[in-house]
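The values are calculated or read from the model by the stated rules, or taken from the named source; none is laboratory data. Here the structure is a predicted model, which means the values were calculated and not measured. Heads up, the Cβs are rebuilt from the backbone with ideal geometry, glycines too, and the neighbour counts pull from every protein chain shown. All accessible areas refer to the heavy atoms of the entire protein, side chains included, with ligands and DNA or RNA removed. Shrake-Rupley method; radii C 1.70, N 1.55, O 1.52, S 1.80 Å.
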Amino acid sequence: MLNPFFIQGTNNEQGLIQDLINEQLKMYGIEIYYLPRQILSKGKVIKDVLYSKFNNAFPIEAYLVNYEGFDNNSILMSKFGVRITDEMTLIISKERFDTYISQLTETIDNASDTGRPNEGDLLYIPLSGSLMEIKYVENDQPGFFQLQKNYTYLLKCEAFEYEDEVLNTNIGEIDDEFASFGYNATLTFVGIGVTAAAYTSLVNGGVHKITILNEGTGYTADPTV
C-alpha cells in the first residue's frame, strides 16, 4: 500500500524526492567533469561526425554504479592495434544537469542542445585520470518515475578512443591526460592572398595527419606556416 500521507505526484513531493537524491549524490558520489562535444563537420551521406572538439568542462557530482569493465579482459589486441574497452556506468541528477550544464551548453557554438546528456559527450574521471565517452543515456532507470517523475540520468560509458578530436579545456589535468595519447595543433598559412587554415594531429611525437579546412586563394608565392 502506498504512503497515505503522499498525494503521489505534487510538485512539492517531487521536489522533496529530487532534493534527497541530490543530497545522496553529493554524499556518496564522486566529482567528475562533463565535456560537451562541439561538432565541426559531418559526413554528407549518413551524417556521421567527422571532426569535433571539446573546449569546455563542467564539474558535477555522479554516483558510480559499476566499473565491471575495468579488468584484465578490457585490453584487446586487434588488427588495428591495442584496444582498451573499459566500461563504466554513472548516475547524475536530472535537475542538476537541466539547471546547470544544459543552460551552459546552450551558449556553446555547435554543441548539441537536446536538453539531456548526449551520446558522444565525454566525462573526465579524476580518480582514475581517464576520459570516458557516453555511449548510451538511460532516461527511465533507476528511478522509474517515483511520484510520476524521473529524477536521474543513467550514463553508460566506454573508454574514449582518440581519433581526430580537438581538446582544449584550459584545465591542466584534463588536457595533460589527453596529451598523453594524442595532441592537436592549429596551423595558419600566411601569405599574399586569402589566408588558409588547417589543423594537424600529433601522436607519439609524430605527425598523424594534416587536415586542410580552407585552401585559401590568390597566392603568388609559397605561404608561411
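Can you tell me which residue within region 4-23, out of those that are open to solvent by 70 Å² or more (accessible area, probe 1.4 Å) and among the polar types (S, T, N, Q), is farthest from K149 (Cα to Cα)? Walk me through how you get there before you give the answer.
Going residue by residue through region 4-23, those that are open to solvent by 70 Å² or more (accessible area, probe 1.4 Å) are 4-5, 7, 11-12, 16, 19-20, 23.
Those still in the list that are among the polar types (S, T, N, Q) too: 11-12.
Working: N11: 10, N12: 12 Å.
Only one residue fits best here, namely N12.
Of the residues making up region 1-33, those that are polar (S, T, N, Q) and either in contact with a helix residue (DSSP H, G or I) (Cβ under 8 Å, 6 or more places away or on another chain) or outside any helix (DSSP H, G or I) (or both) are N3, Q8, T10, Q14, Q18, N22.
Does G115 satisfy the condition of being on the phi > 0 side of the Ramachandran plot and touching a strand residue (DSSP E or B) at 6+ places or on another chain (Cβ under 7 Å)? When the stated conditions are applied, G115 does not pass them. With respect to the conditions (1) of a type in the set (F, W, Y); (2) open to solvent by 20 Å² or more (accessible area, probe 1.4 Å); (3) in contact (Cβ under 8 Å) with a residue 60 or more places away in the chain, Y153 lacks only one, and its number is (2). Looking at E13, E23, just one residue is touching a residue at least 60 places away in the same chain (Cβ under 8 Å) and of a type in the set (D, E), and that residue is E13. Whenever a residue of region 105-123 is free of Cβ contacts under 8 Å to residues at least 60 places away in the same chain, its partners that are surrounded by 15 or more Cβ atoms within 10 Å (Cβ to Cβ) and not in a loop (DSSP other than H, G, I, E, B), lying with C-beta atoms within less than 7 angstrom and at least six residues away or across chains, give the pairs D113/T105; G115/S102; R116/V137; R116/Y153; E119/I134; E119/V137. Of all residue pairs spaced 6 or more apart or on separate chains, none has beta-carbon atoms under 6 Å together with a first member in region 55-75 that is at pLDDT 95 or above and a second member that is part of a loop (DSSP other than H, G, I, E, B) and open to solvent by 50 Å² or more (accessible area, probe 1.4 Å).
Mind listing whichever residues of region 24-52 are open to solvent by 100 Å² or more (accessible area, probe 1.4 Å) and acidic (D, E)? E31 - this is the single residue of region 24-52 that is open to solvent by 100 Å² or more (accessible area, probe 1.4 Å) and acidic (D, E).
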